[in-house]
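As structure tokens, the structure follows; a few thoughts come after it.
Any read-out appearing in this document is the output of simple, stated calculations on the displayed coordinates, not a laboratory observation. The model shown is predicted, which means the values in this text are computed figures rather than measured ones. So basically every Cβ, Gly included, is an ideal-geometry build from the backbone, and we count neighbours across all protein chains shown.
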Amino acid sequence: MKRLNLALLVVENNDYQAEQTISAKQAAHECESDLQVIQTEHDAVVQSQQVLKLLYSPEGTRPNGIFFEPVGTALAQAAKIAASSGVGWVVLNREVDYLSELRQQYPTNPLFCVTTNHEEVGRIQGEQIAQLLPHGGAVLYIHGPSDNKAAVRRATAMQAAKPANVEVRVLKGLWTEESAYNAVGSWLKLNVVKDVAFGLVAGQNDAMALGARRAFQELTAGAEQDRWLSLPYIGCDGLRNTGQAYVQRGLLEATIVIPANAGQAIKALVTSLRTGQQPPECIFTKASSFPQIASLKPRN
């Protein structure tokens, strides 16, 4: 069986992305394929340059498949080059609108996405908020990058699922603990902070929820610190050794388990290349609350 040459572009800026790399390497080993992991910055231009470098590499060194999670646009032009060159193209953690047309033009070349249902993630987080704040209140919500569709979809679904008597105040982060720490630190300097009695802090991932908690622990004192640290903190990703462990240690009240999907994507691509059968256009992974929503104790 011919070994396939695969390339995964990653931005390992949080625990979930690190888990993506681990799952991809394991899947490539199981599929008897070679995997090149390329570290990129959280920069759309750098990511695009890396992808084009792979696509224009000489015959024989060009990968059979490219996997990436967009940090900006979903690289539609690069996808066309990949499709016309016979390179498998897999978008992680985002649905993209150009795949249908390309799959019609190149029906034998695997072109698909593997992603979490981000509406489901937002809905679960809205239900967690409802369970924890049955009498309403204010939530400090640490949002991912504004140009990231996963972040936008999670926020929209959360807003739709939360109770009407819950007010949401939004700060922006970049999926990292440090970005949330800095956002909260800047926000604490504003006088408006004292105008609202917050009942919960929610992050769009566990890293940002922990970054917000660390900011309140290090940048406040006395009664103000006690008040912030007494609140429930909730996040998303729910990896066994991080998010779930944070819940068990009491640092987070709840998280949402989002399985790493790079390994699943590699297995789907390898199967397609070896059988000639096109995978579904979009493969969804399943998210779930940890712990179960019914077990969360109301906090007001």
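Tabulated data for the structure shown
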{"quantity": "Cα centroid of region 231-300 to Cα centroid of region 118-166, whole Å", "calculated": "16 Å"}
{"quantity": "Other-chain or far-sequence residues with amide H under 5 Å of I283's (modelled H)", "calculated": "C113, V114, T115"}
{"quantity": "Whole-number D in µm²/s for region 89-134 (Stokes-Einstein; Kirkwood sum over Cα pairs; 20 °C, 1.002 mPa s)", "calculated": "168 µm²/s"}
{"quantity": "Förster radius 30 Å - calculated FRET efficiency between E178 and A223, Cβ distance, rounded to 0.05", "calculated": "0.65"}
{"quantity": "Alpha carbon convex hull of region 209-267, projected area averaged over orientations, nm²", "calculated": "4.4 nm²"}
{"quantity": "Reduced Cα scattering model of the chain, Debye log10 I(q)/I(0), q = 0.11 Å⁻¹", "calculated": "-0.67"}
{"quantity": "Candidates A18, A212, A262: whichever shows maximal mean-square fluctuation once the chain is modelled as a Gaussian network with Cα springs under 10 Å", "calculated": "A18"}
{"quantity": "Pair R249, Q49: separation of 7 Å Cα→Cβ label points (nm)", "calculated": "3.7 nm"}
{"quantity": "Table column - 3J(HN,Hα) (Hz), region 158-174, Karplus curve with 6.51, -1.76, 1.60, x for Gly and Pro", "calculated": "4, 4, 6, 8, 5, x, 5, 8, 9, 9, 10, 10, 10, 10, 9, x, 10"}
{"quantity": "Most fluctuating residue given options C236, C282, C31, as computed from a GNM of the chain linking Cα atoms under 10 Å", "calculated": "C31"}
{"quantity": "Kirkwood hydrodynamic radius (C-alpha pairs) into Stokes-Einstein, region 111-197, 37 °C and 0.692 mPa s, D in µm²/s", "calculated": "234 µm²/s"}
{"quantity": "Among K189, K267, K286: highest mean-square fluctuation, GNM of the chain, C-alpha pairs under 10 Å", "calculated": "K189"}
{"quantity": "Summed side-chain charge close to A138 - residues other than A138 whose Cβ falls under 15 Å, Lys, Arg +1, Asp, Glu -1", "calculated": "+3"}
{"quantity": "Sorted largest first, extent of region 153-300 alpha carbons per principal axis (Å)", "calculated": "63, 31, 29"}
{"quantity": "Expected 222 nm ellipticity per residue - DSSP helices of 4 or more, -39500 (n - 2.57), all of the chain, to 500", "calculated": "-13000 deg cm²/dmol"}
